[in-house]
1. Would you confirm, using the coordinates I've provided, whether B:Ala90 is touching a residue at least 24 places away in the same chain (Cβ under 8 Å) and either more than 9 Å from chain A (Cβ to nearest Cβ) or part of a loop (DSSP other than H, G, I, E, B) (or both)?
2. Counting only residues that are in contact with a strand residue (DSSP E or B) (Cβ under 7 Å, 6 or more places away or on another chain) and surrounded by fewer than 16 Cβ atoms within 10 Å (Cβ to Cβ), which one in segment B:115-133 is farthest from the other protein chains (Cβ to nearest Cβ)?
3. Assuming B:Phe48 fulfils every condition listed in (1) surrounded by fewer than 18 Cβ atoms within 10 Å (Cβ to Cβ); (2) within 12 Å of the chain's Cα centre (by Cα) apart from one, which condition is it?
4. In segment B:109-139, which residues are in a loop (DSSP other than H, G, I, E, B) and closer than 27 Å to B:Val53 by Cα?
5. Which residue, of B:Trp29, B:Trp104, is crowded, with 19+ Cβ neighbours inside 10 Å, in contact with a helix residue (DSSP H, G or I) (Cβ under 7 Å, 6 or more places away or on another chain) and more than 23 Å from B:Asn132 (Cα to Cα)?
6. Which of (1) of a type in the set (A, V, I, L, M, F, W, C); (2) modelled with pLDDT of 95 or more; (3) closer than 16 Å to B:Cys146 by Cβ does B:Trp29 not meet, given it meets every other one?
7. Sort out which residues of segment B:54-101 are within 20 Å of B:Tyr122 (Cβ to Cβ), crowded, with 16+ Cβ neighbours inside 10 Å and in contact with a helix residue (DSSP H, G or I) (Cβ under 9 Å, 6 or more places away or on another chain), and write them in order of number.
8. Take segment B:140-162 and flag every residue that is touching a helix residue (DSSP H, G or I) at 6+ places or on another chain (Cβ under 8 Å), surrounded by 15 or more Cβ atoms within 10 Å (Cβ to Cβ) and not in a helix (DSSP H, G or I).
Amino acid sequence: MIYKPKLRKIEGDPFIVIEDDLSEVFDVYAKLLLRRYQEDARFNFTRD
Amino acid sequence: MRGLTLQEIEDRRVGVIGQFAFQSLLQEWRIPYLTDYPLFRFREHRLFVDFIVPGFGSIEVKSFPRYAERFIVKKRLWDATLKTPDYVVAIRVISDSMCKIEGWLPGSEVAKLPYDPKVCPYEECYQTRFENLRRFRELLPKLLACSIDEEVKKRVSEEFQI
């Protein structure tokens, strides 16, 4: 297995690289979260 | 329920990517953690901070779009958090597969950042330029010490000359 570190130095700065294509996961999760926040606001759920 | 705007989805998406990226780093370095899943509604399932790393502390990841130049936190949202996180890590999301760690601050210092109405014209916020944040490299040794894998500690220490 070729080791590919997630944290890489690029021009001296630390970058995190995600090797997998998770674009669809990000899309769905972001929409689910926003809908959940809308529902919480509607039913007066709070973060505390 | 009103429809979601593209900007709302994109903003939230940036936040999700930053959190996943940091989580993947903890996984890679074999650092045990608890993470918050905001989809769980019941408070016993929630942390209300992005990560808790035993022996290290709580971590809030703040994600910013690729064009951002400043660390910005809305005062309204920050002041509503009941527990101030020990560390706040700023991540700039360059793409779906690449993020730049811009730096970090102790959670206790966020509310001391200045408010500049030119930077945040619509809502009061705490802000500073990314270059004013502390360097992530300062945080690495303490974070890496929490790894449960001695090989990983050795390898990463060598890579980053810790």
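The values are calculated or read from the model by the stated rules, or taken from the named source; none is laboratory data. None of the values given here were measured: they were computed from a predicted structure. Here Cβ is always computed from backbone atoms with ideal geometry, including for glycine, and neighbour counts include all displayed protein chains.
1. The answer is yes for B:Ala90.
2. B:Asp116
3. (2)
4. Selection gives B:Ala111, B:Lys112, B:Leu113, B:Leu133, B:Arg135.
5. Testing whether each residue is crowded, with 19+ Cβ neighbours inside 10 Å, in contact with a helix residue (DSSP H, G or I) (Cβ under 7 Å, 6 or more places away or on another chain) and more than 23 Å from B:Asn132 (Cα to Cα) leaves just B:Trp29.
6. Every condition holds for B:Trp29 apart from (2).
7. If the condition is that a residue be within 20 Å of B:Tyr122 (Cβ to Cβ), crowded, with 16+ Cβ neighbours inside 10 Å and in contact with a helix residue (DSSP H, G or I) (Cβ under 9 Å, 6 or more places away or on another chain), then B:Lys62, B:Ser63, B:Phe64, B:Arg70, B:Phe71, B:Val73, B:Trp78 are the ones that fit.
8. B:Ser147, B:Phe160 - these are the residues of segment B:140-162 that are touching a helix residue (DSSP H, G or I) at 6+ places or on another chain (Cβ under 8 Å), surrounded by 15 or more Cβ atoms within 10 Å (Cβ to Cβ) and not in a helix (DSSP H, G or I).
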